[in-house]
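Participant: Questions regarding the structure given below will be posed in turn.
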Amino acid sequence: MRTDVQPGKSPMNWGVVVQMFALALVVAALSEWLGPLPIELGVGKVVLLPMIWALLIGLVLGLLSKRLPGPAKLDLRGQHFAAAVLSCALFLFIAKLGLLVGGSLPQLSKVGWALALQELGNLVGCILLGMPVALLLGIKREAIGATFSIGREPGLAIVGERFGMNSPEGRGVLAEYITGTLIGAIFISILAGFVTSLNIFHPYALAMGAGVGSGSMTAAAVGAVAVQHPEMADQIATYAAAANLIATTLGTYLTLFISLPLAVRAYKWLEPILGRNRKAVSIDDGSVAQPTEVVHTPVLNLGMRLLSWVMGGVTVLLVNRIGHGVPMLDALPGVAIIIAIVLVGDLIYLATQRKLPAVCWISFVAMAMTFPSTPYAAEVAALTGKVNFFAMLTTMLTFAGLALAKDIPAFRRLGWRIVVVSLMANAGVFLAAAAIAQFFVGSL
């Protein structure tokens, strides 16, 4: 039977809603109970944090949904609902970051050039590392779409308008998007943790490198860096939040006018050198037989978004208690403030006719709440400080994990070459931004 759910038009299945949130609570609690797992890798190490367990457990639940009993059977509809909730729940994470930034604006001003110029790493890093690898592997014009950015939603829109999504460039950016969605957070967490353990970069430089413009990837990278420098956890989150805000606001325009033209030029220059004798490989555009059940990610109305924020907050409270020993009633006022900030920012976003992304308004409201000159800023900072940053990370990536399995069929069609290229592009963004920031903050 074909079930076609159009975004925002289908009545909400409350059974799916209750099941997904119940699974989120269980997965997040179990992940936090398992705790971090350090793994030594020769000269460095990686730490598998609870947020990574949450991703993996959610993915396994989705992949095995047909074999699991009813309460644990998260079908395709539930996975798409989890994706919609993730988009909303990430606002809680953005608000927490904004609260940290607001109280640290005087400190951030001391490294202003680092924050401003590290964005250049986002623009050129993916091309520098991704483009040569793509051409050596025999990928042709798809390399432009796959390496001009980390391939989030703005990248899809830019390439779709410029080349069309059925073009080689369109297939390339779609492949980057799918790869980043499915394994980007896991990859960047492992990479960031390993690079941190090498002690090459200052933790603040790594934090700025983590602000890549993707909420889930930023969360994963920040967690991996902060867990190895727990005494700097709040500062690391602050610098990452500021860098991520720049990437979110200015990054789209810089990508359109700088990195995409640069990727086109790099392809024209490097392809005759690196790709001339390589056998061309193509990327499946996904135009294969459609599955019998087609389900779209729903667009949540304000009421459902509010429910998502509340349930996200409840999950944060539970994780905060299990993993960090903070009583739920003690952290409740802080979570309530974070939800209120998100609601105000979202309402401003709607009132201003969506001219700026909602994450910008939420960040601005949160920063204003803890700016040193704001009345009661210290009290707000104290209350929200009881909400552990790592508890936010585990919660956000729990929803991401529950949404992952729906993308597996598309991921299988990509082929290993484009996956390698996509990961190299993501690594290039992080490493290039961190290297530029290191030049300015290495002496701190």
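The values are calculated or read from the model by the stated rules, or taken from the named source; none is laboratory data. Note that the structure is predicted; figures quoted are calculated from it, not measured. Quick reminder, even Gly has a Cβ in these numbers, built from the backbone with ideal geometry, and neighbours come from all protein chains shown. We work out accessible area using only protein heavy atoms, side chains counted, and drop any ligands, DNA or RNA first. Shrake-Rupley method; radii C 1.70, N 1.55, O 1.52, S 1.80 Å.
Participant: Which residues, taken from the stretch 388-402, are open to solvent by less than 10 Å² (accessible area, probe 1.4 Å) and either within 15 Å of ILE341 (Cβ to Cβ) or in a loop (DSSP other than H, G, I, E, B) (or both)?
Facilitator: MET392 - this is the single residue of the stretch 388-402 that is open to solvent by less than 10 Å² (accessible area, probe 1.4 Å) and either within 15 Å of ILE341 (Cβ to Cβ) or in a loop (DSSP other than H, G, I, E, B) (or both).
Participant: For a quick check of your reading of the model, give me the residue pairs whose first member lies in the stretch 13-31 and is modelled with pLDDT of 95 or more, whose second is among the acidic types (Asp, Glu) and crowded, with 22+ Cβ neighbours inside 10 Å, with beta-carbon atoms closer than 9 Å and at least 6 apart or on different chains.
Facilitator: Hits for this filter: zero, empty list.
Participant: Among what's in the stretch 227-246 and is part of a helix (DSSP H, G or I) and out of contact with any Leu (no Cβ under 9 Å at 6 or more places or on another chain), pick the residue that is nearest to ARG354 (Cα to Cα).
Facilitator: First, pick out the residues of the stretch 227-246 that are part of a helix (DSSP H, G or I): 230-246.
With the extra rule that they be out of contact with any Leu (no Cβ under 9 Å at 6 or more places or on another chain), the set shrinks to 230-233.
Values: PRO230: 37, GLU231: 38, MET232: 35, ALA233: 33 Å.
Filtering first and then ranking leaves ALA233.
Listed here are the residues, each with its yes/no results for (1) modelled with pLDDT under 80; (2) open to solvent by 20 Å² or more (accessible area, probe 1.4 Å).
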residue	(1), (2)
LEU90	no, yes
LEU97	no, no
GLY102	no, no
LEU105	yes, yes
SER109	yes, yes
ALA116	yes, yes
GLY121	no, no
CYS126	no, no
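Participant: Given the criteria surrounded by fewer than 24 Cβ atoms within 10 Å (Cβ to Cβ), in contact with an Asp or Glu (Cβ under 9 Å, 6 or more places away or on another chain) and closer than 30 Å to LYS355 by Cα, does LEU262 qualify?
Facilitator: Numbers: surrounded by fewer than 24 Cβ atoms within 10 Å (Cβ to Cβ): yes; in contact with an Asp or Glu (Cβ under 9 Å, 6 or more places away or on another chain): no; closer than 30 Å to LYS355 by Cα: yes.
So LEU262 does not fit the description; no.
Participant: Which of (1) open to solvent by less than 20 Å² (accessible area, probe 1.4 Å); (2) modelled with pLDDT of 90 or more; (3) closer than 29 Å to PRO357 by Cα is the odd one out, the single condition LEU55 does not satisfy?
Facilitator: Failed condition: (2).
Participant: Checking GLY160 against (1) surrounded by 23 or more Cβ atoms within 10 Å (Cβ to Cβ); (2) more than 12 Å from VAL421 (Cα to Cα); (3) not β-branched (Val, Ile, Thr): exactly one of these is not met. Which one?
Facilitator: (1)
Participant: Given the conditions (1) under 14 Å from the mean Cα position of the chain (by Cα); (2) open to solvent by less than 30 Å² (accessible area, probe 1.4 Å); (3) closer than 20 Å to SER104 by Cβ, report the number of the one that THR179 does not fulfil.
Facilitator: Here THR179 meets the rest and fails (3).
Participant: Right, something else. Filter the stretch 42-101 down to residues that are hydroxyl-bearing (Ser, Thr, Tyr) and out of contact with any Asp or Glu (no Cβ under 6 Å at 6 or more places or on another chain), then give me how many there are.
Facilitator: In the first step, residues of the stretch 42-101 are kept if they are hydroxyl-bearing (Ser, Thr, Tyr); the result is 65, 87.
Retained after the next criterion (residues that are out of contact with any Asp or Glu (no Cβ under 6 Å at 6 or more places or on another chain)): 87.
Matching residues across the stretch 42-101 total 1.
Participant: Go through the stretch 186-206 and give me each residue that's over 24 Å from PHE148 (Cβ atoms), in a helix (DSSP H, G or I) and either hydroxyl-bearing (Ser, Thr, Tyr) or free of Cβ contacts under 8 Å to residues at least 40 places away in the same chain (or both).
Facilitator: Listed by number, the residues that qualify are THR196, SER197, PRO203, TYR204.
Participant: Scanning for something in contact with a helix residue (DSSP H, G or I) (Cβ under 9 Å, 6 or more places away or on another chain), open to solvent by 40 Å² or more (accessible area, probe 1.4 Å) and outside any helix (DSSP H, G or I), does the stretch 73-80 turn up at least one residue?
Facilitator: Yes; the residues of the stretch 73-80 include at least one that is in contact with a helix residue (DSSP H, G or I) (Cβ under 9 Å, 6 or more places away or on another chain), open to solvent by 40 Å² or more (accessible area, probe 1.4 Å) and outside any helix (DSSP H, G or I).
Participant: Anything in the stretch 191-221 that is among the β-branched types (Val, Ile, Thr) and at pLDDT 90 or above? List them, or say none.
Facilitator: Result: VAL195, THR196, ILE200.
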